[in-house]
């Protein structure tokens, strides 16, 4: 057999194997990167609470709860798409990505790339500001299935693509692409009550810029730790 | 089920703040310049100017501002909000400099040594003669905090500093800057206010609160916290404690005591050449009390022949109304942060709108036409500082980065 | 903080031996109780202040901790509830502190009342993990120049714990708990070892 054909055969076998595993998979999950049955969809609604580093927040708002809506949908060939909205009125973040996943026993892995657009505005007394930007998050996930509980670790880079801010009539914009930092998310997905599943996790981002702290107009050229607690119910 | 334990363990790790420490550069300028003579005022002023950076662009960019800053000489650049604070001395018709540099948006710092040789402009400067373009050359080097890894510096004089029709106020926030920028002294301390001129400021803003026994003290946050002070076990605000209790238990982030307003003003008056003080009055401190202290230190400044303006900041409508209840409120110099109506009702000397509202050129011109000045606060982003100086009409800017304001103002 | 290294180590440890217990995802534990219950746990013990305190004097890091926790045990592994109690963080006494008003003796005691939302997971018949978020009402009791002042403020914070229980009767047990209370906003935290008594107060 030609090497090319052999590789294609092996690849097809692997994909079929994973698809078979995916078809067995029924417990809902957003983060756990096992192959999903094509077009099967899971949705979660929850809250994320970000702790803005003291260097930026000072004594102002340093805990900022946001509504977190996530959706994951399986595609053929072990691909999946997912989307996430993080809504907080003054700051909103919309993210969508494509991922390829693979399962080997209880271990699952996924590699993907997400693009996000975010915007924020402050037009209260003494403020007339807005900011928006595009961020790219190349990411890698690793998950372990313990039976009724799944643990997933997702690492991602935070790549700032463009940014634009307004103060009154004054505007500053930047299209300089740069890696601002990275983030690691650890999530448990498990049954909570009757058939309702919950996700519980933490996201640690070491970054020079976090979109949820845009209103601080941070000047620091150093990476700071932004920690986020995640809680959601899988519908 | 170790995984769950580890997840839970993470939960208290995530609460830890990763504080950075900026090393103290290993240089003693007084020792380095021992045996040299002090520069005259004329010589210090003659060397001021905009210099082309021939060597050392990684530190100072392509153009740098050299400015006399009280008892020191500073160099300002737009690169990473960088600056050098230098002591100076003269020997054999040359001018010698020694001090430190810092990139304030990051944590880099180090030692800086330079000189202007007698034939490279030193002799003329010492006679108080300003050189022509290219006539003054500063040569030296800069290294890391331990003085190692030195790289050469060469600055060539190009033009005089920009000077507007009226003096531009470069006001340092919290007596010089905020703790998160890891300055050599704590924010709102008497130790920091002595350094503020070196950072480029000609004025300072300080935050006044009242202790439980009625003493005005300088502290920013509503409650004491680890951002501002060392761990002490005291929770609550400075207003919950007497000044004696605060002195017994509390030290600021770099070990200083919380200063009283009187101590702070005495330091500004006697140990700096700052010419503007903005007293940001927090809720607990009565405006009438600030007025008394303002009057007292205005008198002291007059006696000492010091050009010092002290203004009482009115941050909100409650403070505006409190001032208006005073019978002689028109005699007080006040700075009003609220709307234009309040500015006129209080007959404020200064209107101080937030920078977040933009340059507001029409409103600023209207207020200036009434004989008032306008200072915007607290502007830290380099792009906006440049834009507000270039496109705005402000009489001053309050910033945590006075060096950046100084750079963009003087290179115009 | 060496958090990235810690996290990767955590992942390695988690993913290593744990796979021996891995099961297909749809298999349910046949022994798991199907109903819900409310469980009140009372605990008392020793607390040791474990956070750094950078000062030129010594503090007394030893204290007492008492706590009460009410948890809803649904029909799965994850449980949810609230916890409160009292703990001492630390005390210290100073002799001859110099101030601009002269020298004084000074003393301080710092204590806290936690108020936390708690998740827990039983990981073995007798062993349970807990993690909570919320905060602490932290109280300073300070004396100097012969005057005492008490001030209380709320600090955001966390808790984490692991417990071991031995059942005595149908609804009552006894056990021990190793617990971390952290008032992170104020930089204070204790590691506590408690004797605990879980009581099933309601079931359905």
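The values are calculated or read from the model by the stated rules, or taken from the named source; none is laboratory data. Every value quoted in this text rests on a predicted model; they were computed, and no experiment measured them. Here the Cβ positions follow ideal geometry from the backbone for every residue, glycine too, while neighbour counts run over all protein chains shown.
A few notes on this one:
One line per residue, one yes/no per condition, for (1) more than 19 Å from the chain's Cα centre (by Cα); (2) modelled with pLDDT under 95; (3) more than 11 Å from chain B (Cβ to nearest Cβ):
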site	(1), (2), (3)
A:140	no, no, yes
A:149	yes, yes, no
A:152	no, no, no
A:158	no, no, yes
A:167	yes, yes, no
A:177	yes, yes, yes
A:186	no, no, no
A:192	yes, yes, yes
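- Flag if residue B:233 is in a loop (DSSP other than H, G, I, E, B) and at the interface with another protein chain (Cβ under 8 Å from one of its Cβ atoms): yes
- Scanning segment A:128-150 for residues that are farther than 21 Å from residue A:98 by Cβ and free of Cβ contacts under 8 Å to residues at least 40 places away in the same chain gives A:130, A:132, A:144, A:147.
Per-residue answers, yes or no, for (1) at pLDDT 95 or above; (2) outside any strand (DSSP E or B); (3) surrounded by 21 or more Cβ atoms within 10 Å (Cβ to Cβ):
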| residue | (1), (2), (3) |
| --- | --- |
| C:75 | no, yes, no |
| C:82 | yes, no, no |
| C:119 | no, no, yes |
| C:124 | no, yes, no |
| C:170 | no, yes, no |
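- Matching entry among A:33, A:53, A:65 (being within 9 Å of another protein chain (Cβ to nearest Cβ) and closer than 17 Å to residue A:203 by Cβ): A:53
- Qualifying residues in segment A:160-190 (those that are touching a residue at least 60 places away in the same chain (Cβ under 8 Å) and crowded, with 20+ Cβ neighbours inside 10 Å) - the one farthest from residue C:79 (Cα to Cα): A:187
- Looking at segment A:159-211, the strands (runs of 3 or more DSSP E) lying wholly inside it that each contain 1 or more residues that are under 30 Å from residue A:146 (Cα atoms) and in contact with a strand residue (DSSP E or B) (Cβ under 9 Å, 6 or more places away or on another chain) sit at A:178-193, A:196-207.
- When we screen C:53, C:92 for residues that are more than 16 Å from the chain's Cα centre (by Cα), modelled with pLDDT of 95 or more and facing another protein chain (nearest Cβ under 9 Å), the only hit is C:92.
- Within segment B:66-87, at least one residue is farther than 25 Å from residue B:412 by Cβ and either within 14 Å of another protein chain (Cβ to nearest Cβ) or modelled with pLDDT of 90 or more (or both).
- Looking only at residues in segment B:338-359 that are within 11 Å of chain A (Cβ to nearest Cβ) and over 20 Å from the mean Cα position of the chain (by Cα), the one that is surrounded by the fewest Cβ atoms within 10 Å (Cβ to Cβ) is B:339.
- Matching residues, segment B:49-81, being within 16 Å of residue B:401 (Cβ to Cβ), part of a strand (DSSP E or B) and touching a helix residue (DSSP H, G or I) at 6+ places or on another chain (Cβ under 6 Å): B:65, B:69, B:74, B:76
- Single match in A:145, A:82, A:128 (criterion: within 30 Å of residue B:379 (Cα to Cα) and either at pLDDT below 95 or surrounded by fewer than 15 Cβ atoms within 10 Å (Cβ to Cβ) (or both)): A:128
- Test: residue in segment C:151-158 that is more than 9 Å from every other protein chain (Cβ to nearest Cβ), surrounded by 22 or more Cβ atoms within 10 Å (Cβ to Cβ) and touching a residue at least 12 places away in the same chain (Cβ under 8 Å): no
- Residue count for segment B:132-154 under the criterion of being under 16 Å from residue B:90 (Cβ atoms) and assigned to a loop (DSSP other than H, G, I, E, B): the result is 1.
- With respect to the conditions (1) assigned to a strand (DSSP E or B); (2) surrounded by 14 or more Cβ atoms within 10 Å (Cβ to Cβ); (3) more than 26 Å from the chain's Cα centre (by Cα); (4) in contact (Cβ under 8 Å) with a residue 40 or more places away in the chain, residue B:124 falls short on a single one, namely (1).
Matching residues to (1) closer than 30 Å to residue C:107 by Cα; (2) out of contact with any helix residue (DSSP H, G or I) (no Cβ under 8 Å at 6 or more places or on another chain); (3) without any contact (Cβ under 8 Å) to a residue 24 or more places away in the chain:
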site: B:253; (1), (2), (3): yes, no, no
site: B:256; (1), (2), (3): yes, no, no
site: B:259; (1), (2), (3): yes, no, no
site: B:276; (1), (2), (3): no, yes, no
site: B:281; (1), (2), (3): no, no, no
site: B:305; (1), (2), (3): no, yes, yes
site: B:314; (1), (2), (3): no, no, no
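- Considering only residues in segment A:77-112 that are in contact with a helix residue (DSSP H, G or I) (Cβ under 8 Å, 6 or more places away or on another chain) and part of a loop (DSSP other than H, G, I, E, B), the one that is nearest to residue A:151 (Cα to Cα) turns out to be A:106.
- Yes/no for residue A:118 being touching a helix residue (DSSP H, G or I) at 6+ places or on another chain (Cβ under 7 Å) and either more than 20 Å from residue A:213 (Cα to Cα) or at pLDDT 90 or above (or both): yes
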